[in-house]
Amino acid sequence: MKFDSFSSYIQRYQKGLPLLIAGPCSAESESQVLSIAEQLTKNEKVHVFRAGIWKPRTRPGNFEGVGYEGLKWLKRVKAEYKLQICTEVAKPKHVEAALKEGIDILWLGARTVSNPFSVQEIADSLKGVDIPVFIKNPINPDIHLWRGAIERMSHSGVTKIAAIHRGFYPYEDTKFRNIPKWEIPIELKTKFQHLPMICDPSHISGNRDFIEEIAQKALDLNFDGLMVETHHTPDLALSDAEQQITPEQLAQIIRKLVIRHDEIDKKSSVIFNYREQIDSIDQQLMELLSQRMDVVKKIAFYKSEQNITIFQLRRWENIIRTRSEWGKKLKLNAHFIEKILELMHKESIQIQNDIMNQTKEK
Ligand code: PEP
Ligand code: MN
């Protein structure tokens with residue numbers, strides 16, 4: 001797949017700065033959309049105005065977007081503030097309406113990308129149309145679904161494709177709404193070296209406090225752009241209120257961001273990317289180990305209450321057998337797995353002993 005020309009298009013467009021896409025989670029009213037656009041143009045670094053019109057909500061009853069009417073408001077943003085406009089499409093009917101009203105860029109949301117049927121329908125509706133399509137990662141940390149959506153668009157003839165990293169459903173404890181798992185976008189970038197990568201710190205953070213940290217991390221990793229949810233009165237927003245920031249707050253964050261230029265030679269940036277993948281995976285390993293030990297503590301309290309012995313041979317044999325089989329399937333060295341299991345078991349016994357002793361003392 002060839003993304004070279006779009007990649008250089010984005011670079012020319014942004015003139016050495018990250019491509020900055022900003023605007024509300026949802027278009028709510030004409031005056032809301034225009035007022036945000038006006039405030040955003042005071043910060044001349046914003047290139048593209050975003051607003052969701054058809055909102056895919058996890059549960060019914062939440063604000064589901066203003067629908068077709070909102071396209072007219074975006075058109076006014078384009079005419080009056082000279083910003084490119086983009087919105088999310090989830091069905092061919094959305095694509096048709098967006099194209100008719102002159103939307104400049106379409107994006108596919110995380111829920112849509114999770115469903116290959118929908119992605120294919122949208123790809124079919126874009127045959128012969130030369131519009132940029134930005135593809136968010138799917139909800140689950142599955143790189144194949146993400147890659148699949150990019151391939152479906154590309155096979156349909158769409159040439160201007162970028163990926164948007166918005167984090168993944170967190171199966172583990174994390175301070176973020178969606179866990180970044182940076183190793184996944186990095187792997188995607190390694191597979192498609194010229195695919196522009198945009199980071200959406202708003203949906204990763206779920207909270208205003210982490211937007212800057214995530215945006216800086218993305219720039220450090222050489223991402224090409226940022227998509228940041230911005231609202232004139234974030235607390236009153238009808239969707240994603242906690243993560244939206246004002247245009248002024250966005251300008252402050254952008255002023256503070258350190259923009260690195262891609263001068264490191266290719267070899268060292270490859271190593272850098274691999275190291276970032278390892279850092280991210282190790283951090284998740286630590287979080288998983290901590291969760292495992294928390295469960296061990298719960299078992300210890302239960303055993304202590306019920307007067308059950310800490311060490312049970314049959315359970316331990318079962319652990320060794322099942323984990324060794326899992327490890328073998330994953331092509332991990334048997335001796336290495338055995339050593340890790342021994343260490344983990346020793347630590348679990350230690351934790352349980354300590355808890356038993358504490359509860360006895362009481
Ligand atoms: C959005 O950008 O407002 C949105 C719904 O995002 P996502 O698809 O990443 O959840
Ligand atoms: Mn949102």
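Readers should treat all values here as calculations from the given coordinates under stated rules, not as data from a laboratory. None of these values were measured; they are calculated from a predicted model. Backbone-built Cβ (ideal geometry, glycine too); neighbour counts: all protein chains shown.
A few points about this structure:
- Coil-residue trypsin sites (Lys or Arg not before Pro) of the stretch 158-196, DSSP, other Cβ within 10 Å capped at 15: Lys175
- Take every DSSP beta bridge whose two residues both sit in the chain; close to 5 percent of them are antiparallel.
- Order of Leu108, Leu332, Leu188 under a 10 Å beta carbon neighbour criterion, fewest first: Leu332, Leu188, Leu108
- With R₀ set to 45 Å, the beta-carbon distance separating Ser269 from Phe301 gives a calculated FRET efficiency near 0.40.
- Peptides 230-238, 194-202, 95-103, 81-89 ordered by average Cβ neighbours within 10 Å, highest first: 194-202, 81-89, 230-238, 95-103
- Computed label-point distance, nm, for sites Glu317 and Asp279 using a 7 Å Cα→Cβ extension: 4.6 nm
- Mean Kyte hydropathy of 1.0 or more with a Cα span along the axis of at least 27 Å, helices from DSSP in the chain: none
- Between the stretch 133-200 and the stretch 23-46, the Cα center-to-center distance that results, in Å: 26 Å
- For the stretch 164-173, the Karplus equation 6.51 cos²θ - 1.76 cosθ + 1.60, evaluated at θ = phi - 60°, returns couplings of 10, 8, 10, x, 10, 3, x, 7, 10, 5 Hz by residue, with Gly and Pro reported as x.
- Filtered chymotrypsin sites (Phe, Trp or Tyr not before Pro), the stretch 225-313: DSSP coil and at most 11 other beta carbons within 10 Å: Phe311
- Structure note, pairs Lys100/Lys136; Lys339/Lys360; Lys75/Lys189; Lys191/Lys329; Lys42/Lys93: Cα-Cα distances above 30 angstrom occur for Lys339/Lys360; Lys75/Lys189; Lys42/Lys93.
- Near the amide H of Gly52, within less than 5 Å, lie the amide hydrogens of Ser26, Ala27, all on another chain or at least 5 residues away, with H placed in the peptide plane.
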